[in-house]
Amino acid sequence: MTKPIGKIKRGRVIEIIIGNMRGGKTDHLIREIESLREHSDKKVLCFKPDKDVRSPKGFIESRKKNGETLRQLEAIEFQTH
């Protein structure tokens, strides 16, 4: 489900999560970030494009199949053109 694509300066890693729609990608992302923040000294920033209106402004959300919010995480919005 996740694929590390390479190391970046000073051991930083970018990870890409791929899968089908409604396959649990966002929930997996949020759980991984919560775990890193809780159990390590790693600092994690989340970004989301301002055109993504599926979640409230400034947040990333995972949802149950019925659309109800399952988990929510703060995210820095960036402007897209």
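The values are calculated or read from the model by the stated rules, or taken from the named source; none is laboratory data. Predicted, not measured: the structure shown is a model, and the values here were computed from it. In this analysis, Cβ positions are derived from the backbone assuming ideal geometry, glycine residues included, and neighbour counts consider all displayed protein chains. Each accessible area value is taken on the protein alone, full model and side chains, heavy atoms only, with ligands, DNA and RNA left out. Shrake-Rupley method; radii C 1.70, N 1.55, O 1.52, S 1.80 Å.
Things to note:
- Residues of the stretch 26-53 classified as under 20 Å from Glu77 (Cβ atoms) and not in a helix (DSSP H, G or I), total: 11
- In the stretch 54-81, the qualifying residues are those that are touching a residue at least 24 places away in the same chain (Cβ under 8 Å), part of a loop (DSSP other than H, G, I, E, B) and over 11 Å from the mean Cα position of the chain (by Cα), and the one that is nearest to Gly23 (Cα to Cα) is Lys65.
- Lone qualifier among Gly24, Gly19, Gly11 - being modelled with pLDDT of 90 or more and either surrounded by 10 or more Cβ atoms within 10 Å (Cβ to Cβ) or of a type outside the set (Val, Ile, Thr) (or both): Gly19
- Any hit, the stretch 39-51, residues being more than 14 Å from the chain's Cα centre (by Cα) and at pLDDT 90 or above: yes
- Matching residues in the stretch 55-81 - criterion: being at pLDDT below 85, open to solvent by 60 Å² or more (accessible area, probe 1.4 Å) and over 14 Å from Lys25 (Cα atoms): Asn66, His81
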